[in-house]
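Every number here is computed from the coordinates shown, using simple stated rules; none is lab data. In this text, all values refer to a predicted model and were calculated from it rather than measured experimentally. Here the Cβ positions follow ideal geometry from the backbone for every residue, glycine too, while neighbour counts run over all protein chains shown.
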Amino acid sequence: MTATEPWHPSVRAVFAPDAPLGNRYDHPVCPQEFLDALWEFDDEVGHQIGGHAHSVQNPVEIEIAEAVLDGEVSWNDPGLSEEADGWMLLAQFDSEDAADMMWGDAGALYWLIRPEDLAERRLERVMFTWQCSIERRRSHPIFRSDGISSPFLS
């Protein structure tokens, strides 16, 4: 089962379109009791293909949107939310002690793609980001525009 955070742009757009992007808002899907019940099911390692990302920090779609927009928009700009809505999770790999994989301090790796690019198999347009609780990382395209793969694939 994958479920996104209530402050994810797609959920916020339905329940509280005027709420600040990436923040909790006053609605029954935001109280801590509801979140605790929802995340009670989240005791497995979070490797997955598709679905909703299990973000360590802010929704990863917002990080990708910030990167696409060169970090030049504020969180209050509707363009950031609009851009974030255009991305979906392709794959997520969590830290896992049993596999000796640790991303920062128990972070996760995320690859996102626009649905139309996935439908056309344009995987060169995939964007990568990762999160851990220590600090926020910069999102990057997997391939440069000249077709040379990025260091994230090495």
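Taking 0.36 nm per intervening residue step and subtracting the Cα-Cα distance, what contour gain separates residue 37 from residue 25 on full extension?
Working: separation 12, 0.36 × 12 = 4.32 nm, distance 1.79 nm.
Separation in residues times 0.36 nm, less the Cα-Cα distance, equals 2.5 nm.
Local charge for residue 118 was computed over the other residues whose Cβ lies under 14 Å away, with Lys and Arg +1 and Asp and Glu -1, and equals 0.
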